[in-house]
1. Can you tell me how region 214-357 classifies by the Cα gyration tensor, rounded, prolate or oblate, using a/c under 1.5 as the rounded cut?
2. Can you give the helix-only mean residue ellipticity at 222 nm for the chain, where every DSSP H stretch with n ≥ 4 adds -39500 (n - 2.57) and the sum goes over all residues, rounded to the nearest 500 deg cm²/dmol?
3. May I ask you to sort 324, 236 by Cβ crowding, counting other Cβ atoms within 10 Å and putting the fewest first?
4. So how tilted is helix 100-110 from the main axis of the chain? Cα-based, degrees 0 to 90, rounded to 10.
5. Computed from these coordinates, which is Rg and Dmax of the Cα atoms in Å: (i) 20.2, 62; (ii) 39.9, 123; (iii) 23.7, 74?
6. Taking the Cα atoms of region 82-178 alone, what are Rg (to one decimal) and Dmax (as a whole number) in Å?
7. Classify region 292-429 as rounded, prolate or oblate from the Cα gyration tensor: take a ≥ b ≥ c as the square roots of its eigenvalues, call it rounded if a/c is under 1.5, otherwise prolate when a/b beats b/c and oblate if not.
8. Take the Cα radius of gyration of region 301-349 and divide it by 2.2 N^0.38 Å, with N its residue count; two decimals is plenty.
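FYI, it's all coordinate maths here, none of it is from the lab. Owing to the predicted nature of the structure, the values given are computational and were not obtained by experimental measurement. Positions of Cβ are backbone-derived with ideal geometry, glycine not excepted, and every protein chain shown enters the neighbour counts.
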């Protein structure tokens with residue numbers, strides 16, 4: 001079901017298209033909400049909005065901005081302010097985040113795509129392949145976390161304006177561990193000293209969790225793909241050879257020692273930490289809201305190999321449709337949203353992520369959880385969005401779980417076989 005807020009401040013003329021609608025006027029906000037059926041109509045049927053006084057052009061079409069329904073409230077004010085300042089009509093449309101990418105691609109094929117769409121950076125490869133998006137101009141890029149800009153970049157061009165990100169970090173119970181650890185041995189020993197009868201609280205499961213474990217893998221110098229100088233991922237696996245084998249052997253050793261175990265779920269990890277039983281848990285910003293009254297600090301995962309431990313970073317932002325005929329107006333809308341630190345903070349908090357825009361952190365102490373997660377994420381790498389990534393996930397986690405459980409004859413050989421299986425699947429797919 002779509003919810004459309006039109007940032008216009010006069011009348012609305014109904015279109016009478018094929019879908020029945022219920023229109024509710026909210027006078028206090030001067031915003032119109034249009035609720036449609038569960039099957040989304042073509043964008044042309046969202047309604048015709050009359051131009052406000054002083055508009056750029058009385059006959060100029062309204063811009064359409066699709067957003068995840070969880071971010072809708074955070075954007076009604078900024079979009080309304082943009083319309084007041086510029087006279088540009090805007091239809092703000094709340095969409096189901098689970099289907100928005102596929103819907104955007106479908107509407108792009110039909111020629112009815114919105115001008116701007118909110119989305120994950122992981123969509124980038126597919127949207128580029130479909131020719132659905134155009135580069136996004138963004139002012140003051142030096143004020144953004146570089147990793148967030150890298151996430152939306154391809155071959156030196158920026159294709160998304162980022163506003164929020166998340167990354168895996170080490171969350172610490174400051175009562176049980178007063179200082180940030182500098183080595184993994186220190187983390188492991190503190191867990192053992194707690195006396196809790198469970199493995200280290202990092203979600204694993206029978207299918208493994210390579211996303212959460214990625215910091216350890218990068219510490220061995222085994223990134224999933226090669227990257228060019230501008231940060232673009234190549235479709236060339238880089239997690240094989242000796243670094244990958246060493247990581248696999250380390251996983252096997254930690255599994256044999258009982259540090260890691262595939263029986264540990266997200267719930268198990270959270271429950272143990274929230275109960276004050278363990279000094280550490282591995283998770284993202286979203287986990288903090290589930291940890292009860294434990295006094296926490298957020299630290300980077302210490303290296304276990306010769307390289308820094310770099311977690312995956314997921315980023316949200318705004319894409320510019322390749323179909324928009326109002327390129328300058330759409331870019332102005334994006335820039336208007338992006339230039340207010342308060343909007344960044346509101347958008348990030350809507351899904352328990354952290355702002356990528358450094359002015360949104362002004363006034364926060366360095367030991368604040370948001371500031372600490374931001375610092376950890378800045379040292380990470382974007383989760384790959386290239387076409388080959390789909391071939392990686394099915395083999396990656398399962399192999400890690402088998403290695404941790406001791407279900408393979410040789411960890412290094414199992415890792416090598418996984419790399420070959422991924423290559424074969426990528427060619428076949």
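1. oblate
2. -10500 deg cm²/dmol
3. 236, 324
4. 50 degrees
5. Read-out from the structure maps to (iii).
6. In Å, with Rg to one decimal and Dmax whole: 17.5, 58.
7. oblate
8. In units of the 2.2 N^0.38 Å rule of thumb, it is 1.80.
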